[in-house]
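Below is one structure, written out as structure tokens, with a few remarks after it.
The values are calculated or read from the model by the stated rules, or taken from the named source; none is laboratory data. The model shown is predicted, which means the values in this text are computed figures rather than measured ones. Every residue, glycine among them, receives a Cβ derived from its backbone with ideal geometry; neighbour counts consider all protein chains shown.
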């Protein structure tokens with residue numbers, strides 16, 4: 001629990017607005033590492049300031065109506081108007097508990113060996129490439145007129161971790177009902193999972209609301225296929241405002257996770273009708289994969305997306321591509337497509353984990369801001385699996 005507390009303290013002090021000074025962040029970090037009974041009244045002001053920052057970000061940041069009001073204002077002068085209508089002391093305690101529950105549940109999921117909530121987005125977040133964006137629609141089950149995105153071709157037998165998100169939502173609703181959306185939980189859980197697995201951390205902008213419907217058709221047409229060529233994938237990213245660097249950085253989420261044989265076995269035996277393996281696949285790596293995926297097998301056995309460090313978040317994914325050890329065709333094409341702009345980015349990330357981490361964090365922010373529902377649009381679901389009242 002000591003390790004969890006340290007991680008949690010680091011995460012909580014990254015306020016999602018820029019009004020906290022470096023000195024204040026340091027004080028907040030130290031404060032949150034203490035038990036509540038050990039906090040002084042002075043320290044409580046920093047905790048209060050953080051919660052106000054979080055709430056302000058929730059209603060302002062993602063819609064673009066906020067802004068840095070400077071670091072010299074008093075806490076009360078920057079408190080969002082809605083907060084004055086609530087019992088602030090009670091709300092503050094509940095919100096702190098909410099954040100702790102999210103990170104605690106993410107940590108428990110990793111310790112218990114569950115699929116990371118990060119991987120609920122097929123391979124690092126591609127599900128939000130559908131036109132509706134980051135709205136929690138992938139969490140909806142089949143119901144009435146709703147055709148679940150879980151059953152979309154790219155997601156079938158691929159996306160997992162829904163039980164982890166459901167557990168987080170239950171814990172959050174018990175502490176502060178109708179405050180934190182399922183879409184925000186996905187964004188927060190993704191950040192927690194990556195950082196707790198050794199990867200970067202980033203400020204998660206909050207304020208998304210949940211969709212009232214699913215978009216299975218959009219998921220089928222917009223999520224990149226593992227068999228797809230680089231030009232098509234690039235076009236799909238571009239259609240939602242993501243560039244080449246975003247594409248390569250987000251593909252780096254395949255530094256952990258697994259893929260079923262059916263998604264890459266075409267590369268092992270009869271690639272492109274040649275009766276030979278994919279020429280961009282390392283020979284010894286191909287042989288080892290053939291042991292996992294026999295030619296007439298079921299197709300449901302799994303192989304690590306990263307054969308070197310499969311359970312840690314690092315830049316080995318890019319070194320693997322340089323060695324022709326990309327598991328999926330769509331991965332290897334980032335490096336093996338002659339003249340592609342992605343090649344130099346792969347080389348950069350392979351040589352500098354810091355560069356990869358920085359770009360990945362920014363790309364996750366960019367992706368999380370694709371067509372969010374805000375204001376009165378959508379709703380905050382009480383159960384991520386279904387629309388309220390259904």
Is it the case that segment 167-176 has a residue that's modelled with pLDDT of 90 or more, part of a helix (DSSP H, G or I) and in contact with a helix residue (DSSP H, G or I) (Cβ under 8 Å, 6 or more places away or on another chain)?
no
Select, from 388, 366, the only residue that is more than 30 Å from residue 277 (Cβ to Cβ) and assigned to a helix (DSSP H, G or I).
366
Kindly indicate whether residue 246 is within 25 Å of residue 374 (Cβ to Cβ), in a helix (DSSP H, G or I) and either touching a strand residue (DSSP E or B) at 6+ places or on another chain (Cβ under 7 Å) or not assigned by TED's automatic domain parsing to the domain that holds residue 343 (or both).
no
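Under the condition of being buried (at least 18 other Cβ atoms within 10 Å of the Cβ) and farther than 17 Å from residue 226 by Cα, which residue from segment 308-317 is modelled with the lowest pLDDT? Break it down stepwise before answering.
From segment 308-317, those buried (at least 18 other Cβ atoms within 10 Å of the Cβ) are 313-317; that's our starting set.
With the extra rule that they be farther than 17 Å from residue 226 by Cα, the set shrinks to 313-316.
Numbers: 313: 89, 314: 95, 315: 97, 316: 97.
It comes out as 313.
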Can you say whether residue 197 is modelled with pLDDT under 80 and under 13 Å from the mean Cα position of the chain (by Cα), as far as the supplied structure shows?
yes
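Answer yes or no: is there a residue in segment 197-217 that is under 28 Å from residue 312 (Cα atoms), out of contact with any strand residue (DSSP E or B) (no Cβ under 9 Å at 6 or more places or on another chain) and not in a loop (DSSP other than H, G, I, E, B). So that I can check it myself, show each step before the final result.
Let us first name the residues in segment 197-217 that are under 28 Å from residue 312 (Cα atoms), namely 197-206.
Right, trim to out of contact with any strand residue (DSSP E or B) (no Cβ under 9 Å at 6 or more places or on another chain) and you get 197-206.
Checking which are not in a loop (DSSP other than H, G, I, E, B) leaves us with none.
The answer is no; no qualifying residue exists.
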Considering only segment 287-327, how many residues are out of contact with any strand residue (DSSP E or B) (no Cβ under 6 Å at 6 or more places or on another chain) and farther than 30 Å from residue 355 by Cβ?
11
